[in-house]
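Data block below; observations after.
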Amino acid sequence: MNDDKPAGTDDAPREENGDGEKKTPIFRKPMFWIVTIAAAAVLAVGGAVYYLHLRQYESTDDAFVDAHIVRIAPEVSGTLIEVADLDNRHVRAGQLLAVIKPSGPQARLAEAQAGIDQAMAQYSQAQAQVAAAIATRDQTQSQSLAPVAVAIKAAQDLARYESLAKIDRSAVASTQLDQARANARSTAGQAAAARRQVSSADAQIAVARKAADAAIAMIAARRAQADQARSTLNDLRLTAPVSGQVVNRSINVGSYVAPGTQVMAIVPDQMWVTANFKETQLKNMRIGQEVAIKVDAFPDVEFRGRVDSIQRGAGQAFALLPPQNATGNFVKVVQRVPVRITFLIGRDYPDPRNYPIGPGMSVVPTVKVR
(Lines give C-alpha, C1' and ligand atoms only; values in the text may rest on other atoms or scores of the structure.)
Protein backbone atom coordinates (compact mmCIF):
# COMPACT_ATOMS: atom_id res chain seq x y z
CA MET A 1 0.00 0.00 0.00
CA ASN A 2 1.39 3.41 -1.01
CA ASP A 3 1.31 5.96 1.91
CA ASP A 4 2.61 8.81 -0.21
CA LYS A 5 0.16 11.69 -0.67
CA PRO A 6 0.08 13.99 -3.64
CA ALA A 7 1.71 17.36 -3.24
CA GLY A 8 -0.56 20.12 -1.96
CA THR A 9 -2.70 17.78 0.07
CA ASP A 10 -3.70 18.78 3.71
CA ASP A 11 -2.94 16.58 6.72
CA ALA A 12 -5.86 18.02 8.72
CA PRO A 13 -8.92 15.86 9.03
CA ARG A 14 -11.91 16.87 7.10
CA GLU A 15 -15.51 16.16 7.87
CA GLU A 16 -17.59 14.43 5.23
CA ASN A 17 -20.92 15.85 4.21
CA GLY A 18 -23.89 13.83 3.29
CA ASP A 19 -22.61 13.35 -0.31
CA GLY A 20 -19.32 11.87 0.93
CA GLU A 21 -17.37 15.08 0.27
CA LYS A 22 -14.99 16.27 3.00
CA LYS A 23 -15.81 19.66 4.80
CA THR A 24 -13.24 22.14 6.26
CA PRO A 25 -13.52 22.55 10.13
CA ILE A 26 -14.91 25.88 11.32
CA PHE A 27 -11.70 26.88 13.16
CA ARG A 28 -9.89 26.52 9.83
CA LYS A 29 -12.06 29.17 8.28
CA PRO A 30 -10.61 32.72 8.27
CA MET A 31 -14.00 34.23 9.08
CA PHE A 32 -14.08 32.31 12.39
CA TRP A 33 -10.83 33.88 13.55
CA ILE A 34 -11.88 37.30 12.33
CA VAL A 35 -15.10 37.13 14.34
CA THR A 36 -13.33 35.64 17.38
CA ILE A 37 -10.59 38.31 17.40
CA ALA A 38 -13.18 41.06 16.91
CA ALA A 39 -15.32 39.72 19.78
CA ALA A 40 -12.27 39.41 22.04
CA ALA A 41 -11.27 42.98 21.17
CA VAL A 42 -14.77 44.24 21.90
CA LEU A 43 -14.83 42.41 25.25
CA ALA A 44 -11.38 43.72 26.18
CA VAL A 45 -12.29 47.28 25.28
CA GLY A 46 -15.65 46.96 27.05
CA GLY A 47 -14.00 45.49 30.14
CA ALA A 48 -11.41 48.26 30.20
CA VAL A 49 -14.06 50.93 29.80
CA TYR A 50 -16.21 49.31 32.49
CA TYR A 51 -13.24 49.09 34.87
CA LEU A 52 -12.22 52.70 34.20
CA HIS A 53 -15.79 53.79 34.81
CA LEU A 54 -16.30 51.59 37.87
CA ARG A 55 -13.09 52.73 39.59
CA GLN A 56 -14.50 56.26 39.74
CA TYR A 57 -17.12 55.21 42.32
CA GLU A 58 -17.28 53.65 45.76
CA SER A 59 -20.53 52.14 46.97
CA THR A 60 -21.88 50.19 49.94
CA ASP A 61 -25.15 48.60 50.97
CA ASP A 62 -24.29 48.98 54.68
CA ALA A 63 -25.98 52.36 54.93
CA PHE A 64 -29.16 53.77 56.40
CA VAL A 65 -31.05 57.02 56.89
CA ASP A 66 -30.16 58.74 60.17
CA ALA A 67 -31.43 61.72 62.20
CA HIS A 68 -31.30 63.21 65.69
CA ILE A 69 -34.62 61.87 66.98
CA VAL A 70 -36.11 64.19 69.62
CA ARG A 71 -37.81 62.28 72.43
CA ILE A 72 -40.55 64.24 74.19
CA ALA A 73 -40.90 63.78 77.96
CA PRO A 74 -42.66 65.99 80.55
CA GLU A 75 -40.75 67.70 83.36
CA VAL A 76 -43.65 67.52 85.82
CA SER A 77 -46.14 64.82 86.68
CA GLY A 78 -49.89 65.01 86.22
CA THR A 79 -52.92 63.96 84.20
CA LEU A 80 -53.22 64.94 80.56
CA ILE A 81 -56.26 67.05 79.76
CA GLU A 82 -55.39 67.69 76.12
CA VAL A 83 -53.42 65.70 73.52
CA ALA A 84 -53.13 66.85 69.92
CA ASP A 85 -54.03 64.23 67.28
CA LEU A 86 -50.75 64.40 65.41
CA ASP A 87 -49.74 60.77 64.84
CA ASN A 88 -47.33 60.59 61.87
CA ARG A 89 -48.06 64.22 61.05
CA HIS A 90 -45.72 67.13 60.56
CA VAL A 91 -45.51 69.78 63.28
CA ARG A 92 -43.80 73.14 63.47
CA ALA A 93 -41.39 74.14 66.20
CA GLY A 94 -43.38 75.51 69.16
CA GLN A 95 -46.63 73.78 68.19
CA LEU A 96 -48.68 72.48 71.14
CA LEU A 97 -48.54 68.71 71.63
CA ALA A 98 -50.19 68.07 75.01
CA VAL A 99 -51.35 69.83 78.21
CA ILE A 100 -51.05 68.52 81.78
CA LYS A 101 -53.78 69.39 84.26
CA PRO A 102 -52.69 72.38 86.40
CA SER A 103 -53.21 72.29 90.16
CA GLY A 104 -50.45 73.24 92.57
CA PRO A 105 -48.47 75.47 90.20
CA GLN A 106 -51.34 77.94 89.78
CA ALA A 107 -51.74 78.27 93.57
CA ARG A 108 -48.00 78.76 93.96
CA LEU A 109 -48.01 81.41 91.26
CA ALA A 110 -50.86 83.27 92.97
CA GLU A 111 -49.06 83.02 96.31
CA ALA A 112 -45.84 84.33 94.80
CA GLN A 113 -47.72 87.19 93.12
CA ALA A 114 -49.29 88.13 96.48
CA GLY A 115 -45.84 88.00 98.04
CA ILE A 116 -44.59 90.43 95.41
CA ASP A 117 -47.41 92.85 96.24
CA GLN A 118 -46.64 92.54 99.95
CA ALA A 119 -42.93 93.14 99.38
CA MET A 120 -43.73 96.17 97.24
CA ALA A 121 -45.86 97.58 100.07
CA GLN A 122 -43.05 97.00 102.54
CA TYR A 123 -40.65 98.74 100.22
CA SER A 124 -42.96 101.73 99.91
CA GLN A 125 -43.26 101.84 103.72
CA ALA A 126 -39.48 101.66 104.06
CA GLN A 127 -39.08 104.48 101.56
CA ALA A 128 -41.52 106.58 103.63
CA GLN A 129 -39.53 105.79 106.77
CA VAL A 130 -36.35 106.91 105.02
CA ALA A 131 -37.98 110.19 104.06
CA ALA A 132 -39.29 110.68 107.63
CA ALA A 133 -35.86 109.92 109.10
CA ILE A 134 -34.23 112.43 106.76
CA ALA A 135 -36.76 115.07 107.77
CA THR A 136 -36.15 114.33 111.46
CA ARG A 137 -32.41 114.57 110.94
CA ASP A 138 -32.75 117.91 109.18
CA GLN A 139 -34.96 119.24 111.98
CA THR A 140 -32.59 117.96 114.66
CA GLN A 141 -29.65 119.46 112.83
CA SER A 142 -31.40 122.83 112.64
CA GLN A 143 -32.24 122.68 116.34
CA SER A 144 -28.65 121.83 117.18
CA LEU A 145 -27.34 125.05 115.65
CA ALA A 146 -28.47 127.22 118.62
CA PRO A 147 -26.81 125.14 121.40
CA VAL A 148 -23.64 124.93 119.37
CA ALA A 149 -23.62 128.71 118.81
CA VAL A 150 -24.24 129.36 122.53
CA ALA A 151 -21.45 126.95 123.44
CA ILE A 152 -19.07 128.66 121.04
CA LYS A 153 -19.93 132.10 122.51
CA ALA A 154 -19.52 130.82 126.08
CA ALA A 155 -16.16 129.33 125.20
CA GLN A 156 -15.05 132.61 123.64
CA ASP A 157 -16.20 134.58 126.73
CA LEU A 158 -14.30 132.23 129.00
CA ALA A 159 -11.21 132.65 126.88
CA ARG A 160 -11.41 136.45 127.15
CA TYR A 161 -11.91 136.37 130.93
CA GLU A 162 -8.96 134.05 131.36
CA SER A 163 -6.78 136.29 129.18
CA LEU A 164 -7.71 139.37 131.23
CA ALA A 165 -7.04 137.46 134.49
CA LYS A 166 -3.59 136.58 133.26
CA ILE A 167 -2.86 140.23 132.42
CA ASP A 168 -4.44 141.74 135.51
CA ARG A 169 -5.81 139.59 138.25
CA SER A 170 -7.93 142.40 139.63
CA ALA A 171 -9.55 143.08 136.25
CA VAL A 172 -11.84 140.04 136.54
CA ALA A 173 -13.63 138.93 139.69
CA SER A 174 -13.22 135.34 140.73
CA THR A 175 -16.99 134.77 140.80
CA GLN A 176 -17.29 136.16 137.29
CA LEU A 177 -14.56 133.81 136.06
CA ASP A 178 -16.15 130.84 137.79
CA GLN A 179 -19.52 131.68 136.28
CA ALA A 180 -17.97 131.89 132.81
CA ARG A 181 -16.35 128.49 133.29
CA ALA A 182 -19.64 126.95 134.44
CA ASN A 183 -21.53 128.56 131.57
CA ALA A 184 -18.96 127.22 129.06
CA ARG A 185 -19.21 123.68 130.45
CA SER A 186 -23.01 123.80 130.47
CA THR A 187 -23.33 125.08 126.91
CA ALA A 188 -20.67 122.62 125.69
CA GLY A 189 -22.73 119.75 127.14
CA GLN A 190 -25.85 121.04 125.49
CA ALA A 191 -24.00 121.30 122.14
CA ALA A 192 -22.68 117.75 122.54
CA ALA A 193 -26.18 116.49 123.27
CA ALA A 194 -27.47 118.26 120.14
CA ARG A 195 -24.72 116.65 118.06
CA ARG A 196 -25.62 113.21 119.48
CA GLN A 197 -29.23 113.78 118.47
CA VAL A 198 -28.09 114.57 114.93
CA SER A 199 -25.97 111.39 114.87
CA SER A 200 -28.93 109.40 116.17
CA ALA A 201 -31.10 110.85 113.40
CA ASP A 202 -28.43 109.82 110.84
CA ALA A 203 -28.48 106.31 112.30
CA GLN A 204 -32.26 106.19 111.93
CA ILE A 205 -31.85 107.10 108.25
CA ALA A 206 -29.37 104.25 107.82
CA VAL A 207 -31.77 101.83 109.51
CA ALA A 208 -34.64 102.96 107.26
CA ARG A 209 -32.45 102.54 104.18
CA LYS A 210 -31.47 99.03 105.28
CA ALA A 211 -35.15 98.21 105.63
CA ALA A 212 -35.72 99.52 102.11
CA ASP A 213 -32.85 97.36 100.80
CA ALA A 214 -34.34 94.35 102.59
CA ALA A 215 -37.70 95.09 100.98
CA ILE A 216 -36.00 95.23 97.54
CA ALA A 217 -34.35 91.87 98.21
CA MET A 218 -37.72 90.48 99.27
CA ILE A 219 -39.27 91.73 96.03
CA ALA A 220 -36.52 89.95 94.04
CA ALA A 221 -37.09 86.73 96.00
CA ARG A 222 -40.85 86.87 95.47
CA ARG A 223 -40.35 87.53 91.77
CA ALA A 224 -38.02 84.55 91.54
CA GLN A 225 -40.70 82.40 93.17
CA ALA A 226 -43.24 83.74 90.72
CA ASP A 227 -40.92 83.01 87.79
CA GLN A 228 -40.42 79.48 89.07
CA ALA A 229 -44.16 78.96 89.43
CA ARG A 230 -44.69 80.44 85.98
CA SER A 231 -42.00 78.14 84.58
CA THR A 232 -43.73 75.18 86.18
CA LEU A 233 -46.97 76.27 84.54
CA ASN A 234 -45.19 76.47 81.20
CA ASP A 235 -43.86 72.96 81.79
CA LEU A 236 -47.47 71.79 81.85
CA ARG A 237 -47.64 72.56 78.12
CA LEU A 238 -45.64 70.15 75.96
CA THR A 239 -44.58 71.84 72.73
CA ALA A 240 -42.51 70.68 69.77
CA PRO A 241 -38.90 71.82 70.18
CA VAL A 242 -38.13 71.29 66.47
CA SER A 243 -40.03 70.92 63.24
CA GLY A 244 -40.61 67.35 62.15
CA GLN A 245 -42.95 64.38 62.13
CA VAL A 246 -44.55 63.07 65.32
CA VAL A 247 -44.00 59.34 65.79
CA ASN A 248 -44.37 56.70 68.51
CA ARG A 249 -47.08 58.51 70.50
CA SER A 250 -48.03 56.53 73.60
CA ILE A 251 -50.44 58.86 75.44
CA ASN A 252 -54.07 59.89 75.31
CA VAL A 253 -56.34 62.28 77.20
CA GLY A 254 -56.55 61.08 80.81
CA SER A 255 -53.15 59.39 80.81
CA TYR A 256 -50.95 60.02 83.83
CA VAL A 257 -47.39 61.04 82.98
CA ALA A 258 -44.30 61.23 85.15
CA PRO A 259 -41.17 63.37 84.71
CA GLY A 260 -38.68 61.89 82.27
CA THR A 261 -41.09 59.35 80.78
CA GLN A 262 -41.11 59.43 76.97
CA VAL A 263 -44.58 60.11 75.61
CA MET A 264 -43.75 60.61 71.92
CA ALA A 265 -40.89 61.38 69.56
CA ILE A 266 -40.24 63.79 66.70
CA VAL A 267 -38.22 62.93 63.61
CA PRO A 268 -36.68 66.27 62.51
CA ASP A 269 -36.84 67.49 58.94
CA GLN A 270 -33.04 67.42 58.73
CA MET A 271 -31.87 63.89 57.93
CA TRP A 272 -28.71 62.40 56.51
CA VAL A 273 -27.24 59.04 55.50
CA THR A 274 -24.78 57.13 57.66
CA ALA A 275 -22.81 54.89 55.30
CA ASN A 276 -20.39 52.32 56.75
CA PHE A 277 -17.70 52.02 54.06
CA LYS A 278 -14.87 49.55 54.21
CA GLU A 279 -11.64 51.13 55.30
CA THR A 280 -10.14 50.12 51.95
CA GLN A 281 -12.72 52.30 50.17
CA LEU A 282 -11.63 55.55 51.83
CA LYS A 283 -8.39 56.09 49.93
CA ASN A 284 -9.82 58.62 47.51
CA MET A 285 -12.90 59.68 49.46
CA ARG A 286 -13.00 63.37 50.41
CA ILE A 287 -15.45 65.76 52.04
CA GLY A 288 -17.66 67.51 49.49
CA GLN A 289 -17.70 64.72 46.88
CA GLU A 290 -21.02 64.11 45.15
CA VAL A 291 -23.08 61.07 46.05
CA ALA A 292 -25.92 59.27 44.29
CA ILE A 293 -28.34 57.87 46.89
CA LYS A 294 -30.74 55.03 46.24
CA VAL A 295 -33.36 54.36 48.91
CA ASP A 296 -34.63 50.78 48.94
CA ALA A 297 -38.19 51.98 49.48
CA PHE A 298 -38.03 54.14 46.31
CA PRO A 299 -35.73 52.33 43.86
CA ASP A 300 -36.83 54.48 40.93
CA VAL A 301 -35.85 57.76 42.61
CA GLU A 302 -32.22 58.87 42.71
CA PHE A 303 -31.54 61.31 45.49
CA ARG A 304 -28.42 63.41 45.48
CA GLY A 305 -26.07 64.21 48.32
CA ARG A 306 -22.50 65.05 49.26
CA VAL A 307 -19.96 63.69 51.72
CA ASP A 308 -20.30 65.79 54.87
CA SER A 309 -17.78 64.14 57.20
CA ILE A 310 -15.75 60.98 57.75
CA GLN A 311 -15.47 59.60 61.26
CA ARG A 312 -11.95 59.49 62.62
CA GLY A 313 -11.93 55.86 63.66
CA ALA A 314 -13.63 52.58 62.81
CA GLY A 315 -16.95 51.69 64.38
CA GLN A 316 -15.53 48.80 66.41
CA ALA A 317 -13.32 51.22 68.37
CA PHE A 318 -16.46 52.80 69.89
CA ALA A 319 -18.24 49.57 70.76
CA LEU A 320 -19.34 48.85 74.30
CA LEU A 321 -16.75 46.07 74.47
CA PRO A 322 -13.88 47.01 72.13
CA PRO A 323 -11.90 44.05 70.77
CA GLN A 324 -8.67 43.12 72.56
CA ASN A 325 -6.34 42.05 69.78
CA ALA A 326 -3.48 41.42 72.22
CA THR A 327 -5.14 38.25 73.55
CA GLY A 328 -3.54 36.09 70.86
CA ASN A 329 -6.62 35.18 68.83
CA PHE A 330 -6.41 38.05 66.34
CA VAL A 331 -8.01 37.60 62.93
CA LYS A 332 -7.72 40.52 60.57
CA VAL A 333 -11.10 41.76 59.41
CA VAL A 334 -11.71 44.71 57.15
CA GLN A 335 -13.24 47.36 59.38
CA ARG A 336 -16.12 49.71 58.60
CA VAL A 337 -15.87 53.50 58.99
CA PRO A 338 -19.05 55.63 59.27
CA VAL A 339 -19.33 58.36 56.65
CA ARG A 340 -21.99 61.04 56.98
CA ILE A 341 -23.73 62.02 53.75
CA THR A 342 -26.15 64.94 53.62
CA PHE A 343 -29.00 65.24 51.14
CA LEU A 344 -28.84 67.94 48.50
CA ILE A 345 -32.10 69.82 48.08
CA GLY A 346 -32.71 71.92 44.99
CA ARG A 347 -34.72 72.27 41.84
CA ASP A 348 -32.66 69.60 40.09
CA TYR A 349 -32.80 67.07 42.92
CA PRO A 350 -35.68 65.17 44.52
CA ASP A 351 -36.55 66.53 47.95
CA PRO A 352 -36.40 63.69 50.53
CA ARG A 353 -38.85 65.61 52.71
CA ASN A 354 -41.54 64.89 50.13
CA TYR A 355 -41.14 61.15 50.63
CA PRO A 356 -41.91 59.03 53.74
CA ILE A 357 -38.24 58.52 54.48
CA GLY A 358 -37.12 58.11 58.08
CA PRO A 359 -34.28 56.88 60.29
CA GLY A 360 -33.26 53.25 59.88
CA MET A 361 -34.37 52.87 56.24
CA SER A 362 -31.81 51.13 54.03
CA VAL A 363 -30.03 53.04 51.28
CA VAL A 364 -27.20 52.42 48.79
CA PRO A 365 -24.94 55.47 48.39
CA THR A 366 -22.48 55.72 45.51
CA VAL A 367 -19.68 58.24 45.96
CA LYS A 368 -17.85 59.65 42.95
CA VAL A 369 -14.25 59.56 44.17
CA ARG A 370 -12.50 60.35 40.88
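The values are calculated or read from the model by the stated rules, or taken from the named source; none is laboratory data. Just so it is clear, the structure is predicted and the values come from calculations on it, not from any experiment. Positions of Cβ are backbone-derived with ideal geometry, glycine not excepted, and every protein chain shown enters the neighbour counts. Note: areas computed on protein heavy atoms with side chains; ligands, DNA, RNA excluded. Shrake-Rupley method; radii C 1.70, N 1.55, O 1.52, S 1.80 Å.
For every residue, the table says whether it meets (1) touching a Cys at 6+ places or on another chain (Cβ under 6 Å); (2) in a helix (DSSP H, G or I); (3) open to solvent by 60 Å² or more (accessible area, probe 1.4 Å).
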| residue | (1), (2), (3) |
| --- | --- |
| 203 | no, yes, no |
| 207 | no, yes, yes |
| 212 | no, yes, no |
| 216 | no, yes, yes |
| 225 | no, yes, yes |
| 231 | no, yes, no |
| 234 | no, yes, yes |
| 238 | no, no, no |
| 246 | no, no, no |
Exercise for review: Could you tell me which of the residues 254, 305 is touching a residue at least 60 places away in the same chain (Cβ under 8 Å) and assigned to a strand (DSSP E or B)?
Suggested key: 305
Review point. Do the conditions hold for residue 308, that is, is it under 24 Å from residue 89 (Cα atoms), touching a strand residue (DSSP E or B) at 6+ places or on another chain (Cβ under 8 Å) and either of a type in the set (Asp, Glu) or surrounded by 15 or more Cβ atoms within 10 Å (Cβ to Cβ) (or both)?
Key: no
Practice item. Looking only at the range 320-352, count how many residues are closer than 30 Å to residue 292 by Cβ and loosely packed, with under 12 Cβ neighbours inside 10 Å. Key: 5
**Study point:** Enumeration of residues in the range 260-279 that are open to solvent by less than 30 Å² (accessible area, probe 1.4 Å) and under 25 Å from the mean Cα position of the chain (by Cα)
**Key:** 263, 264, 265, 266, 267, 268, 271, 272, 273, 274
Study note, to complete from the structure: Across (1) of a type in the set (S, T, N, Q); (2) out of contact with any Leu (no Cβ under 8 Å at 6 or more places or on another chain); (3) closer than 14 Å to residue 75 by Cα, residue 248 clears everything bar (3)
**Study point:** Filtered residues of the range 345-370 (kept if in a loop (DSSP other than H, G, I, E, B) and closer than 18 Å to residue 58 by Cβ)
**Key:** 369, 370
Exercise for review: Within the range 52-91, work out how many residues are assigned to a loop (DSSP other than H, G, I, E, B) and either in contact (Cβ under 8 Å) with a residue 12 or more places away in the chain or hydroxyl-bearing (Ser, Thr, Tyr) (or both).
Suggested key: 18
Check your understanding: Quick one: which of 347, 336, 370 is among the basic types (Lys, Arg) and either within 29 Å of residue 87 (Cα to Cα) or modelled with pLDDT of 90 or more (or both)?
Key -> 336
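Residue-wise test of (1) under 15 Å from residue 66 (Cβ atoms); (2) part of a strand (DSSP E or B); (3) aliphatic (A, V, I, L, M).
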| site | (1), (2), (3) |
| --- | --- |
| 270 | yes, no, no |
| 273 | yes, yes, yes |
| 276 | yes, yes, no |
| 329 | no, no, no |
| 332 | no, no, no |
Check your understanding: In this structure, does residue 282 turn out to be farther than 16 Å from residue 69 by Cβ, open to solvent by 50 Å² or more (accessible area, probe 1.4 Å) and more than 27 Å from the chain's Cα centre (by Cα)?
Key -> no
